[in-house]
1. Return the total of residues in the stretch A:58-85 being hydrophobic (A, V, I, L, M, F, W, C) and farther than 22 Å from C:Ser81 by Cβ.
2. Please verify whether B:Leu196 is closer than 22 Å to B:Asp56 by Cα, assigned to a helix (DSSP H, G or I), within 11 Å of chain A (Cβ to nearest Cβ) and aliphatic (A, V, I, L, M), treating the condition exactly as stated.
3. What's the total number of residues in the stretch B:318-350 that are surrounded by 13 or more Cβ atoms within 10 Å (Cβ to Cβ) and aliphatic (A, V, I, L, M)?
4. Are any residues in the stretch B:299-317 surrounded by 22 or more Cβ atoms within 10 Å (Cβ to Cβ) and small (Gly, Ala, Ser), and if so, which ones?
5. How many residues does the stretch C:30-57 hold that are aliphatic (A, V, I, L, M), part of a helix (DSSP H, G or I) and surrounded by 24 or more Cβ atoms within 10 Å (Cβ to Cβ)?
6. Just to verify a result, which residue in the stretch C:9-38, among those that are more than 13 Å from chain A (Cβ to nearest Cβ), touching a residue at least 40 places away in the same chain (Cβ under 8 Å) and out of contact with any strand residue (DSSP E or B) (no Cβ under 6 Å at 6 or more places or on another chain), is farthest from C:Asn138 (Cα to Cα)?
7. For the stretch A:22-41, state whether one or more residues are surrounded by 15 or more Cβ atoms within 10 Å (Cβ to Cβ), touching a strand residue (DSSP E or B) at 6+ places or on another chain (Cβ under 8 Å), under 25 Å from B:Tyr55 (Cβ atoms) and not hydroxyl-bearing (Ser, Thr, Tyr).
Amino acid sequence: MKTEISAPARKAWMSLLAQADEADLSRLWQAFDHNPDFNWLRPPEAGGVMVRGRMGGSGAPFNLGEMTVTRCALTLTDGTVGHAYVQGRSKPKAEIAAKVDALMQTEAAQDLRQAVLDPLQQVQQAQKKARAAKAAATKVEFFTMVRGED
Amino acid sequence: MYVAVKGGERAIDNAHAWLAEERRGDTGVAELSLAQIREQMSLAVNRVMAEGSLYDPDLAALAIKQSRGDLIEAIFLIRAYRTTLPRFGYSEAVDTGVMACDRRISATFKDAPGGQVLGPTFDYTHRLLDFKLAADGETPEAPAAEPRMEVTPHITEFLQGEDIIEREPSSEAVPGDLTREPMSCPAGRAVRLQSLSRGDEGFILGMAYSTQRGYARNHAFVGELRIGKVPVEMEIPELGFAIEIGEVELTECETVNQFKGSKTVPPQFTRGYGLVFGQSERKSIAMALVDRALRWEELGEDNLGAAAQDEEFVLSHSDNIQATGFLEHIKLPHYVDFQSELELVRKLRREAQELAEEMAAREAAE
Amino acid sequence: MSLDIETNSYGGGFATPPVDAANAFRAAMNAMARPGSVQDITGAEPPAGISAAAGCLLLTLCDPETGIYLAPDVDSPALRSWLAFHTGAPFVAVDKADFALGSWQALLPLDQYPIGTSEYPDRSATLIVELTEFAAPNVNLTGPGIKDSTQFALPDVGACQGNAAQFPLGVDFFFTCQSQLAALPRSTTLLAKD
C-alpha cells in the first residue's frame, strides 16, 4: 500500500541515503532483513554531475568540476516507485537506496526509519560533531599582553 | 607525406609488462591498497580530483597507484575516465556559507564571528623531518573541544555592511562549460574560474606569485580561507524537486584587494575568488590572486602588460594535460619530418661549402 | 497521481539502452543520410499521443543538454514525465528548441525556430513532425545522399523550399509515423511534382 508522502520528507531521506557510507547502509539494510520483490525501471548506472559554485560565494554561478553519482529506479510489486541518486560509483548502494525510497512510501516506513534511517542519521551526526569538536580545539583564543604603565 | 611504421608491438607489450613490474616495486614490500592512498596521501588525492576535475577519492587513489605517483599522469587518467561518464546534469550552486569548516582563518579580521580556526594545517610546523614517522607508530587522537555546530558567516559579509567592498550580485545566468564548449577568448569570468580551478597548481602558483612581485599591481589580503564539506544539491527531473546527491570537501579563498576607484566606481575593496575540490589551500589562494588580476578590464584598471592579466595567455597554458600532450608528443617518432629536415640542412651545408670554395678560388685567381 | 500513470511514465524505455539506442541512432542516421527514404525504428513505447518512432528518436537524441519544445497537440503531463525520466531533457520555449515535436500544423510557423548562425549553422532546431501516414509523393528530392532523384510526400512543399533556401542555415526535419521515420535535411533541393 502506498501512503501520501511530502516532498520535503522524501528529500530528507533521499539526501541522507545519497551521502551514506556504503558499509553502514549495507549493514543496516541487511539487519532490517526485508528484501522486497521489485522490477528495474532503470538499472543502476554510474555517471557524472557537474558541480557549480558561485563567484565570491554569493555571486553568479560557475562550473567547478564533476562528481560521480550512481542512479537507478525500481518498482515494487504493488507499483510503488523508488528512486536513488547516490554519491560514488556503487551499484549495490544505489539499489539499497532505491528500495529504501520505495519502502518509505509504504506501511513499512516507520519500521524502516527506526532500523535504517535513524541510525544512519546518528552515525552521520556523530561524525560531523567529532570533526567540529576537533576544529573547535584549534580555535585561537587571543589575549592581549598589557604593557606599559596604567 | 605520412608513412606508417609497424613493428613496435612486441617491444610495446614488453615495455608495458616491465612498467607494471616497476610500478609494483620490490614484492618483498607490502603492496599499497587504494584505501591507504586515499587516507594517507589525501592531499595528493585532492590534487588529482581538483585538476582531474572529478570528485571521487577512490578513483583518484587508483589513478595515483596506476601512475606510480606521477600526479599529472594520474590527472590524465581521471580526465580520460570522466569523458566516459554520462552527464546526469548540473548541480545547484553549492552554498559555501553552510560549510562545516575544518579550517577557517582570516588575515584581515582578528575577531571575526566564528573565530580563527586553524584546522589540520602545516602552517605552524617547523618543517623539520619527523623521523618518528619512519618508524611505525600510531598517532594519538587529536584533542576535542565543545563543537560549534552553527553556520560560520563569510567575512566579506561584514565589509559589505559598510559598502566598502564590491558586491557580488547573485544571478542565475547559465555559466559556460569548458567540458562542453571549447574555450574562446574573451572567456568571461565563469569560464575563467572553471579553468583556473582545474588548472595546474604549479602554473597557477607561478602566475599568482608574479602578481605579488609586481607584474600587475595586485596587493591581496586573504579575507578568508575556509576548508570543509558542503552538501551538493541537484534538481531531479523525474521527481520535480532537488535532493542532496552527496557532499564534497572544498577549499575556498576570498581575497580583499585595495582599489583606488575608477570613473564609475568609488575607491573600495575588490575581490578575488578561489574555489577548489579538496583541501587545496595553496591552489585556492593562487587562484584568487590570478582571478583578481584577470579582472583588470571589468574594473577599469590599466593593462600593465603582465602575463597574469592576459586571459588568453593564462587560460591557454594552465591546463597540464593539454600542455603535457603537446610537450611530450615531440618524443614520439618524427622519422619522416626529421628526414626532410636532415636533407635540407645537408643541402644548405653543401651550398655554403660550394660558395666558400668558389670564393676561395676567385680570391686565389685575383 | 494514480499508480498506472506513475508506472507508465517510467516504463516504455529502451530495454537494453546501449543496443536499442544504437539501433535507433542508425535508423535516424540512415534517414538523414538518405533523404526521403523510410526507415523502421523501434524499441521504445512512449505514452499515448505520440508515435513509437517519435518516442525512439527523442530517447536516442535527447539528454539534459538538449531543450525540447512540445507543440500544444502533443504536450501532456504524461509525456513530460516520461521524457524527464528517460532523457532528463529540459522543456523550453519554441525559440530555444533543439528538438521540437508535434503535427505539422501545430509546429508552424517555421520561422519561430532557431536556424543557427553563419559561424555555427548547427545551432538550429530539428523538427520531429508527426504524420498520420506517408502519403502519395508530391515532391521530387535531389541533393546530397540522393542518387539522381527520389520522391516524398511533404505537408507543405513551399514552406520546406523556403527553409532549404536559407542553407547553410535552417532547420532539419524528421517525419514520424507509427514505427517508421523519414528525414529531410536543409541541404535537400525540392521540386514540386506537377
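1. Narrowing the stretch A:58-85 to residues hydrophobic (A, V, I, L, M, F, W, C): A:60, A:62, A:64, A:67, A:69, A:72-74, A:76, A:81, A:84.
Next, only the ones that are farther than 22 Å from C:Ser81 by Cβ stay: A:60, A:62, A:64, A:67.
The number of residues fulfilling the criteria is 4.
2. Numbers: closer than 22 Å to B:Asp56 by Cα: yes; assigned to a helix (DSSP H, G or I): yes; within 11 Å of chain A (Cβ to nearest Cβ): yes; aliphatic (A, V, I, L, M): yes.
In short, yes.
3. 2
4. B:Ala308
5. So in the stretch C:30-57, the residues aliphatic (A, V, I, L, M) come out as C:31-33, C:38, C:41, C:44, C:48, C:50, C:52-54, C:57.
Remaining after also requiring part of a helix (DSSP H, G or I): C:31-33, C:52-54, C:57.
If we keep only those that are surrounded by 24 or more Cβ atoms within 10 Å (Cβ to Cβ) as well, we get C:31, C:53-54, C:57.
Total meeting the criteria: 4.
6. Top of the filtered list is C:Ala28.
7. No, the stretch A:22-41 contains no residue that is surrounded by 15 or more Cβ atoms within 10 Å (Cβ to Cβ), touching a strand residue (DSSP E or B) at 6+ places or on another chain (Cβ under 8 Å), under 25 Å from B:Tyr55 (Cβ atoms) and not hydroxyl-bearing (Ser, Thr, Tyr).
For every residue, the table says whether it meets (1) touching a helix residue (DSSP H, G or I) at 6+ places or on another chain (Cβ under 9 Å); (2) assigned to a loop (DSSP other than H, G, I, E, B).
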{"position": "C:Ala135", "(1), (2)": "no, yes"}
{"position": "C:Ile146", "(1), (2)": "no, yes"}
{"position": "C:Gln151", "(1), (2)": "no, no"}
{"position": "C:Pro155", "(1), (2)": "yes, yes"}
{"position": "C:Gly158", "(1), (2)": "no, no"}
{"position": "C:Phe167", "(1), (2)": "no, yes"}
{"position": "C:Phe173", "(1), (2)": "yes, no"}
{"position": "C:Thr176", "(1), (2)": "yes, no"}
{"position": "C:Leu181", "(1), (2)": "yes, no"}
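The values are calculated or read from the model by the stated rules, or taken from the named source; none is laboratory data. Note that the structure is a prediction, hence the values are computed from the model and not measured. Glycine gets a Cβ as well: all are built from the backbone with ideal geometry, and neighbour counts include every protein chain shown.
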